[in-house]
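Presented below is the structure to which this report refers.
The values are calculated or read from the model by the stated rules, or taken from the named source; none is laboratory data. Note that this is a predicted model, so its numbers are computed, not measured. Here the Cβ positions follow ideal geometry from the backbone for every residue, glycine too, while neighbour counts run over all protein chains shown. In case anyone asks, the SASA skips ligands and DNA or RNA and just uses the protein heavy atoms, side chains included. Shrake-Rupley method; radii C 1.70, N 1.55, O 1.52, S 1.80 Å.
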Amino acid sequence: MALIEAKSISKVYTMGDIEVNALKGVSLSIAKGEFVSVMGASGSGKSTFMNILGCLDKPTGGKYLLEDVDVSGMGRDELADIRNRKIGFVFQGFNLLPRTTALENVELPMFYKGVPAKERMGRAMEALKKVGLEKREMHYPNQLSGGQQQRVAIARALVNEAPIILADEPTGNLDTKTSVEIMELFVELNNTAGITIILVTHEPDIAEFSKRTIKFLDGRVISDEMTASRRARANG
Amino acid sequence: MVNLPFTAALAFRTLRVNKMRSLLTMLGIIIGVGAVIAMLAVGTGATQQITAQISSMGSNLLIILPGSTTSGGLRMGAGTQPTLTTFDSDAIEEDAPAVAAAAPVLSGSAQVIYGNQNWSTVVSGTTPSMLYVRDWQLAEGRPFSDADVKNATKVCLMGQTVVDNLFGGEDPLGKTVQIKGVPFQVIGVLAVKGQSVMGQDQDDTIYVPVTTAQRKLFGTAFPGMVRVIMIKARSTADLNAAQDQINALLRQRHHIMPGQDDDFTVRNLTQMMQAAEQSTKIMTLLLGAIASVSLLVGGIGIMNIMLVSVTERTREIGIRMAIGAKTWDIRIQFIAEALIMSLIGGIIGIALGVAGSSAISKIAGWPAVVSPFSALLAFGFSGAVGIFFGFYPAYKASLLDPIDALRYE
Ligand SMILES: Nc1ncnc2c1ncn2[C@@H]1O[C@H](COP(=O)(O)OP(=O)(O)OP(=O)(O)O)[C@@H](O)[C@H]1O
Ligand SMILES: [Mg+2]
């Protein structure tokens, strides 16, 4: 059973007279526990695809099944609920709430889920510990380094025990050393907690951390295979 | 469902970030609520003062003025022709069942002398019923009696203003004063009543037996003549009946044929005063209504700032939506901010309104009464304004597209 099942998904943006075919029939399925990297040239439709997987956007055509449930007919609040329970987002720009402590940022998804205040605090602390930030809980985003901010964002993605983490260029704003640290964190989460991770990246080095690499070109999937290093290992 | 402490804490924090802006936004509500409170306080103060003055006049009062309203085809003002007598007064008290008491009055201004002090005041000849009719107590001494009236004794009851001006600190009881050169013994001092509705000092007066006034002070054109008769009806409900009975009785006593005009006029003082009270109340409401317009303007100010805030925080809204905020989660958040601003504004406005109305009352020499009701009303109203004007921005925020909001720079 596939966790994520995309069936010839297309997305057309209409701006006045101009139509942009951002996705032209993408079909793929991702199973639970996979670690997938999505690559491809700028404008090839990676972010568009991720937004659809994340239930932030709806496809123009095709079908998207999440845990065998078709989400295309769902309303705003239902989609919000799915995002809240099933999907953790990690963005390139971190997207933490300003003037809000690390701890409160991590508490927020639980707040919208309706978790009682007492429980929220403990779980948020736990999540921060997992990403190695237990001493920074009272810091505001502007008091944290980029890598630390991204860790807070990952803690926020973990805290509702969502089975999927979607990360659109999570290391795009980070230096190489920090990028590697973040990727090691993802690998650990994938290995130990079995969280399905789908991440977009432009850097082959980053993609190396994943198990499967999907390449986009011009709104289509042009390759979908085992990540190069693993393939080498498998062959060697 | 809605997590109030968290939502409130969140809203407070957001408002604190933009202290100056929040304060300026609240200013509209502060001024609005302050104005409503002050206007209602001043108006309520005026109403209460009038009410106090009305009750100081005595309750359920009618006044009978002599003279016809028409005289041989020529209309004359009431009181132009003396036609009333003490006998009329006695007859009314005896025979009109709806009348509790009647007191004739023959008054005039007179010079009063005590030692080397003199004072000009209104001296009224009347009967013992007068104190009852006007609900007036004595501060000290005794009232004059029916025997005093019968014998036309030279005794008087003195208002506090007259006492102050003639006696200074001295005790007036038992002292003899000269009224129009006639010696009168002071047997009682009237309790202080203060100003009348017309602004007259009601304590600037002297009461003497009506017979003494007729014979020794003012004289009469015909036996028993008095200027007016004051009537106390048994109850407010009896006022109209009393008026009818007096009309019938006096027409009969004055031998007025059917079809002929009365030679007297009966006025319902209580009704007149109540009308004055009513109009003050309406005035109060009107002032309050005008002041609430500024509260409305304050509400529009809140809406304006909230709209700006929604635009500024588009990205934040996008983040919240991405991690699971539903339509009402977003709405409640913005409504809470508007509500907190308007409620804090309301509280400050109430404080300001209380301070302002006490200042107005000091300057205008006029009591200002802030009723808990008006404070509560203003508080509730400002809350309603917050919710009402906060709703549209909150609604707008909740309809943002999550991706557009996340991408917003
Ligand atoms: N909201 C939008 N309105 C119109 N066109 C859009 C919109 N979003 C994306 N597009 C278009 O869709 C295509 C795919 O965009 P997308 O953001 O998915 O690319 P990407 O692969 O994520 O690129 P990058 O690597 O630069 O992030 C582009 O041609 C882009 O111009
Ligand atoms: Mg992109």
For the pairs A:K63/A:K130; A:K177/B:K396; A:K46/A:K130, flag any whose C-alpha to C-alpha distance is greater than 32 Å. A:K63/A:K130; A:K177/B:K396
Rel. contact order, % - alpha carbon contacts under 8 angstrom, at least six apart, chain A: 27 percent
Rounding to the nearest 10 and keeping the result within 0 to 90°, find how far the Cα-based axis of helix A:117-130 lies from the longest principal axis of chain A. 70 degrees
Sequence-distant aspartates and glutamates (8 or more away, or on other chains) whose Cα lies within less than 12 Å of A:K129: A:E137
Find the eigenvalues of the gyration tensor of the Cα atoms of chain B, then list the square roots of 5 times those eigenvalues as equivalent ellipsoid semi-axes, largest first, in whole angstrom. 68, 25, 15
Between B:L286 and B:I113, what is the spin-label point distance in nm, taking each point 7 Å from the Cα along the Cα→C-beta axis? 5.2 nm
Under 14 Å from the Cα of A:K118 - aspartates and glutamates, other chains or at least 8 residues apart: A:E104, A:E107, A:E126
Which residues belonging to region A:106-149 lose at least 30 Å² of 1.4 Å-probe accessible area when the assembly is complete, relative to their chain isolated? A:L108, A:F111, A:Y112, A:R120
Sequence of A:F186, A:F91 from largest to smallest accessible area, 1.4 Å probe: A:F91, A:F186
Obtain the radius of gyration and the Kirkwood radius of region B:270-366 from its C-alpha atoms and give Rg over Rh. 1.24
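What share of the DSSP beta bridges in chain A is antiparallel, in percent to the nearest 5?
So the antiparallel bridges amount to about 55 percent of the total.
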Could you run the Karplus curve 6.51 cos²θ - 1.76 cosθ + 1.60 with θ = phi - 60° over region B:178-185 and give me ³J(HN,Hα) per residue in whole Hz, x for Gly and Pro? 9, 10, 6, x, 9, x, 10, 8
Residues whose built amide H sits under 5 Å from the amide H of A:Q92, excluding neighbours closer than 5 in sequence, are A:D168
Report the net charge of residues surrounding B:L65, where surrounding means a beta-carbon distance below 9 angstrom and charges are Lys +1, Arg +1, Asp -1, Glu -1. +2
Need one number: % antiparallel among DSSP beta bridges in the protein assembly as shown, to the nearest 5. 70 percent
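So if R0 is 56 Å, what FRET efficiency would A:K113 and B:Q278 give, r being the distance between their Cβ atoms, rounded to the nearest 0.05?
0.40
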So, over other residues within a Cβ distance under 15 Å of B:L138, counting Lys, Arg +1 and Asp, Glu -1, the net charge is -2
Specify the angular offset, from 0 to 90 degrees and rounded to the nearest 10, of the alpha carbon long axis of helix B:19-57 from the longest principal axis of the alpha carbons in chain B. 20 degrees
The whole-number value in µm²/s of the Stokes-Einstein translational diffusion coefficient for the protein assembly as shown, with Rh from the Kirkwood sum over alpha carbon pairs at 10 °C and 1.306 mPa s, is 49 µm²/s
Using r as the Cβ-Cβ distance of B:Q195 and B:H255, and R0 as 35 Å, what FRET efficiency do you calculate, to the nearest 0.05? 0.30
Heavy-atom accessible area per residue, chain B, 1.4 Å probe: how many Å²? 46 Å²
Roughly what % of Cα-Cα distances in region B:82-262 sit above 23 Å, to the whole percent? 43 percent
Which residues qualify? For B:R227, with a placed amide H closer than 5 Å and at least 5 residues away or on another chain, they are B:V105, B:L106, B:S107
Residue by residue through region A:32-41, the couplings from Karplus 6.51 cos²θ - 1.76 cosθ + 1.60 with θ = phi - 60°, in Hz, x for Gly and Pro, are 5, x, 6, 10, 10, 10, 10, 10, x, 5
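Once neighbouring chains are kept in place and the probe is 1.4 Å, which whole percent of the accessible area of the protein assembly as shown is contributed by carbon and sulfur?
So the carbon and sulfur contribution to the accessible surface is 58 percent.
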Between chains A and B, the summed loss of accessible surface on complex formation, probed at 1.4 Å and reported to the nearest 100 square angstrom, is 2400 Å²
Ignoring ligands, DNA and RNA, what accessible area per residue does region A:173-236 give at 1.4 Å, in Å²? 53 Å²
Between the helical axis of B:372-398 and the dominant principal axis of chain B, each derived from Cα atoms, what acute angle in degrees is found, rounded to the nearest 10? 20 degrees
In terms of solvent-accessible area of protein heavy atoms at a 1.4 angstrom probe, what is the ranking of A:R120, A:R151, highest value first? A:R151, A:R120
What FRET efficiency comes out for A:D77 versus B:A241 if R0 is 56 angstrom and r is the Cβ-Cβ distance? Round to the nearest 0.05. 0.20
Surface accessible to a 1.4 Å probe, B:F373 within the full protein complex, Å²: 140 Å²
Which cross-chain or sequence-distant (5 or more) residues have an amide H under 5 Å from the amide H of A:L23, H modelled 1.01 Å from N in plane? A:K11
Karplus (6.51, -1.76, 1.60) ³J(HN,Hα), θ = phi - 60°, over region A:86-93, in Hz, Gly and Pro reported as x: 10, 10, x, 9, 10, 9, 4, x
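Let me check against my output: what whole-number percent is the relative contact order of chain B, with C-alpha pairs under 8 Å and at least 6 apart?
30 percent.
For region B:82-262, calculate the relative contact order in percent as a whole number, restricting contacts to Cα pairs under 8 Å that are 6 or more residues apart.
Averaging sequence separation for qualifying contacts and normalising by length gives 33 percent for region B:82-262.
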Show that you can apply the helix-only estimate: for the protein assembly as shown, add -39,500 (n - 2.57) for every DSSP H stretch of four or more residues, divide by all residues, and state [θ] at 222 nm to the nearest 500. -15500 deg cm²/dmol
Among B:S371, A:S42, A:S210, what's the order by accessible area (1.4 angstrom probe), most exposed first? A:S42, B:S371, A:S210
